[in-house]
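Sharing a structure below in structure tokens format, with a few things to ask.
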Amino acid sequence: MTTFQTFSHQQDQVGESPIWDAEGSCLWWVDIEAHAIHRQSLSQERQSWYLPERVGCIALTADRQVVAAMETSIALLRLKPEGASEGTSNGASVGASVGAYELQNLAHIQHPKPGMRFNDGRCDPSGRMWIGTMVMDMSLADNSGGLYCLDERGLTGPYVSNLYTPNGLAFSPDGKTMYFSDSHPKAQKIWRCSIDLVSGQLGDKSLFVDMTDLPGRPDGAAMDSEGNYWICGNDAGQVHCFDVAGHCITSLTVPFPKPAMCALGGPHLQTLFVTSIVPANKALDTHGQSGQVVCAEVPHRGLPEPVFSRFPATL
């Protein structure tokens with residue numbers, strides 16, 4: 001039985017976008033509603049940066065700067081270890097330092113409707129960043145979201161339309177297949193499509209897994225070196241692992257009902273980190289660990305996280 005340990009005791013409202021930084025031996029992640037980016041080492045040293053808008057997802061660059069996809073823009077953050085900035089809030093928890101940053105806008109987006117933001121995102125092996133957009137109020141059941149791409153051309157797309165809550169972005173070990181999901185109750189599906197890393201062109205999507213009758217809604221995901229797809233079962237307190245044929249080969253129970261996204265990291269890329277969300281109904285948080293980041297050792301090895309390298313040519 002896999003036992004999860006607490007990695008970060010900080011209670012995030014919506015913990016998302018965990019990225020393992022092998023060079024820094026640390027985990028990066030965001031708290032969307034707190035406008036926060038967190039970084040924590042294996043020795044538990046944590047630092048946070050607070051931005052002007054909600055942060056849907058992040059990516060790292062080769063020199064370990066951060067690309068942040070927010071509500072209306074995607075920005076490059078040149079982080080500073082100490083001090084304050086205009087983006088700093090009073091939301092830092094005890095024992096964590098608050099960092100300053102310089103912000104450079106890389107792209108702006110004109111959403112088709114008000115009340116939208118960027119959500120899940122990840123870099124492909126060639127260094128492009130793929131990011132989904134969503135209507136923030138999920139109760140509206142509005143599928144105006146789409147899947148966009150940031151590279152030398154700037155921000156282009158949507159390449160996939162009619163998404164409620166895009167999530168689950170991951171790439172196969174050979175870089176030829178892209179996976180993504182829609183975690184909204186009206187969708188609850190995972191798709192995959194071919195991707196040409198030279199041109200950035202996507203093939204037609206096909207259904208990978210329909211999670212309608214499986215525990216949880218398909219949220220954030222990670223890929224291991226064998227091509228297995230790990231995805232959080234939001235509302236079910238589980239992380240599922242599907243093989244390349246779409247068969248569930250294992251389901252791990254986490255100590256909170258709403259796991260949000262997972263990442264494989266650690267010294268041997270065999271530590272599964274899982275972020276989480278505080279449920280609206282606090283009674284569901286039976287262990288009192290919602291909002292924390294937990295981790296466990298697994299027998300599967302992850303893939304190094306690609307960095308963002310294809311900056312818009314107009315910069």
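We did not get these values from a lab; they are worked out from the coordinates using the rules stated. Since this is a predicted model, take the numbers as computed values, not measurements. Virtual Cβ from ideal backbone geometry, glycine too; neighbours counted across all protein chains shown.
In region 180-196, is there at least one residue being under 26 Å from Pro299 (Cα atoms) and over 18 Å from the mean Cα position of the chain (by Cα)?
Scanning region 180-196 turns up no residue that is under 26 Å from Pro299 (Cα atoms) and over 18 Å from the mean Cα position of the chain (by Cα).
Sticking with this structure for a sec: Looking only at region 102-142, filter to residues that are outside any strand (DSSP E or B) and closer than 20 Å to Ala260 by Cα; which one of those is nearest to the chain's Cα centre (by Cα)?
Kept after step one, since they are outside any strand (DSSP E or B), are these residues of region 102-142: 109-115, 124-128, 136-142.
Cutting the leftovers down to closer than 20 Å to Ala260 by Cα gives us 136-139, 141.
Working: Met136: 16, Asp137: 19, Met138: 18, Ser139: 21, Ala141: 21 Å.
Looking at residues that are outside any strand (DSSP E or B) and closer than 20 Å to Ala260 by Cα, I get Met136.
From the set of residues in region 143-169 that are within 18 Å of the chain's Cα centre (by Cα) and in a loop (DSSP other than H, G, I, E, B), which is farthest from Arg64 (Cα to Cα)?
Tyr164
Related question: I'd like the residue in region 40-57 that is among the charged types (D, E, K, R) and more than 14 Å from the chain's Cα centre (by Cα) and, out of all such residues, is surrounded by the most Cβ atoms within 10 Å (Cβ to Cβ).
So in region 40-57, the residues among the charged types (D, E, K, R) come out as 45-46, 53-54.
Now narrow it down to the ones that are more than 14 Å from the chain's Cα centre (by Cα): 45-46, 53.
Numbers: Glu45: 12, Arg46: 19, Glu53: 17.
For region 40-57, the residue satisfying everything is Arg46.
May I ask you to list the residues in region 194-221 that are among the acidic types (Asp, Glu) and either at positive phi or part of a strand (DSSP E or B) (or both)? Explain how you work it out, then say what you get.
Kept after step one, since they are among the acidic types (Asp, Glu), are these residues of region 194-221: 196, 204, 210, 213, 219.
Within region 194-221, Asp210, Asp219 qualify.
Going through region 1-17 one residue at a time, which ones are crowded, with 21+ Cβ neighbours inside 10 Å and in contact with a Gly (Cβ under 8 Å, 6 or more places away or on another chain)?
Within region 1-17, Gln10, Asp12, Gly15, Glu16, Ser17 qualify.
Which of the residues spanning region 125-141 are surrounded by fewer than 18 Cβ atoms within 10 Å (Cβ to Cβ) and small (Gly, Ala, Ser)?
Once the filter is applied, which keeps residues that are surrounded by fewer than 18 Cβ atoms within 10 Å (Cβ to Cβ) and small (Gly, Ala, Ser), region 125-141 yields Ser126, Ser139, Ala141.
Here are some residues: Ser172, Ser144. Which one is in contact with a strand residue (DSSP E or B) (Cβ under 8 Å, 6 or more places away or on another chain), in contact (Cβ under 8 Å) with a residue 40 or more places away in the chain and crowded, with 18+ Cβ neighbours inside 10 Å?
Working: Ser144 fails: in contact (Cβ under 8 Å) with a residue 40 or more places away in the chain.
Of Ser172, Ser144, the one residue that is in contact with a strand residue (DSSP E or B) (Cβ under 8 Å, 6 or more places away or on another chain), in contact (Cβ under 8 Å) with a residue 40 or more places away in the chain and crowded, with 18+ Cβ neighbours inside 10 Å is Ser172.
This table checks each residue for (1) surrounded by 13 or more Cβ atoms within 10 Å (Cβ to Cβ); (2) within 17 Å of the chain's Cα centre (by Cα).
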site	(1), (2)
Val244	yes, no
Cys248	yes, no
Ser251	yes, no
Val254	yes, no
Pro257	yes, no
Met261	yes, yes
Leu272	yes, yes
Val278	yes, yes
Ala283	no, no
